[in-house]
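One structure below.
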Amino acid sequence: MRLVTLGVGAARSPRYRPAGLLVSHRGARVVIDGGPHTVPKGRIDAWLLTDDHAELAAAVRRTARELGLIARVASFRAEDLRIEPKPVVHTNHPTFGYEIRDGGLKVVWVPEFFEFPSWARNADLAFAEASSWNRPIYFRGAVGGHRDALTVERAARQAGVKRLVFAHIGRPTIRAIEAGARPAFGELARDDQIFFPRVRARSRT
């Protein structure tokens, strides 16, 4: 499996393109999220969304239609590749992340959430939220928000995530990194970064 971060930015990021992932496996190519300016070259078999009502969703759907695709929350299966939407707590309407499976390999794409999802437990690789650095962002009306990167880091470690990659990076996190802050566990992704995930040994504890 080959994974490429088409972008790693939160909304209106001054530095990164909109967070999106290209999943390539044995000829199948699937885009998750992203935006009109993150379209990879070559054929795309499916375009999946984590939030049908997201800020960029309408623009993504228009771009997908130009490619003969329907961008939406959906599953994708091809041979041993399984990509399934899983619910996340984020806002006042249904939102999702994705569990990406290839045999014993478990990758999760959860770029936005207010609570670290229990179904991401024991992931070999997790792409996660980093809209804020050390304090959560609350939406108006107490309808959710974004969990901060330091809390996500602790939750991922406790959940047995083997490799954590922050892939939805907001302005507060950019400012923290520029000031010299670094996560104790996890790493910040870059636009167009390539990953070749592998199954890692499970802890006996």
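Things worth noting here:
- Of the candidates GLU99, GLU112, the single residue that is under 21 Å from GLN193 (Cα atoms) and in contact with a helix residue (DSSP H, G or I) (Cβ under 8 Å, 6 or more places away or on another chain) is GLU99.
- Residues that are in a strand (DSSP E or B) and either modelled with pLDDT under 95 or closer than 27 Å to GLY103 by Cβ (or both), drawn from the stretch 169-205: GLU187, ILE194, PHE195
- Any chance ALA184 is exposed (fewer than 13 other Cβ atoms within 10 Å of the Cβ) and of a type outside the set (Val, Ile, Thr): yes
- The condition (being in contact with a Phe, Trp or Tyr (Cβ under 6 Å, 6 or more places away or on another chain), assigned to a loop (DSSP other than H, G, I, E, B) and at negative phi) is satisfied by just one residue among THR38, THR50: THR50.
- Counting only residues that are surrounded by 24 or more Cβ atoms within 10 Å (Cβ to Cβ), touching a residue at least 40 places away in the same chain (Cβ under 8 Å) and either among the hydroxyl-bearing types (Ser, Thr, Tyr) or in contact with a Gly (Cβ under 9 Å, 6 or more places away or on another chain) (or both), the stretch 11-30 holds 2 of them.
- When the stretch 58-79 is filtered for residues that are closer than 18 Å to GLY27 by Cβ and part of a strand (DSSP E or B), the ones remaining, listed by number, are PHE76, ARG77, ALA78.
- Any hit, the stretch 185-200, residues being within 21 Å of ALA54 (Cα to Cα), free of Cβ contacts under 8 Å to residues at least 24 places away in the same chain and not small (Gly, Ala, Ser): no
- Residues in the stretch 107-120 that are touching a residue at least 40 places away in the same chain (Cβ under 8 Å), of a type outside the set (A, V, I, L, M, F, W, C) and farther than 10 Å from HIS146 by Cα: SER118 alone.
- Going through (1) of a type in the set (S, T, N, Q); (2) buried (at least 20 other Cβ atoms within 10 Å of the Cβ); (3) free of Cβ contacts under 8 Å to residues at least 12 places away in the same chain one by one, SER75 falls short only on (2).
- Out of ARG12, ARG101, sole residue that is at positive phi and within 18 Å of the chain's Cα centre (by Cα): ARG12
The values are calculated or read from the model by the stated rules, or taken from the named source; none is laboratory data. The model shown is predicted, which means the values in this text are computed figures rather than measured ones. Positions of Cβ are generated from backbone atoms using ideal geometry, with glycine treated the same way; all protein chains shown enter the neighbour counts.
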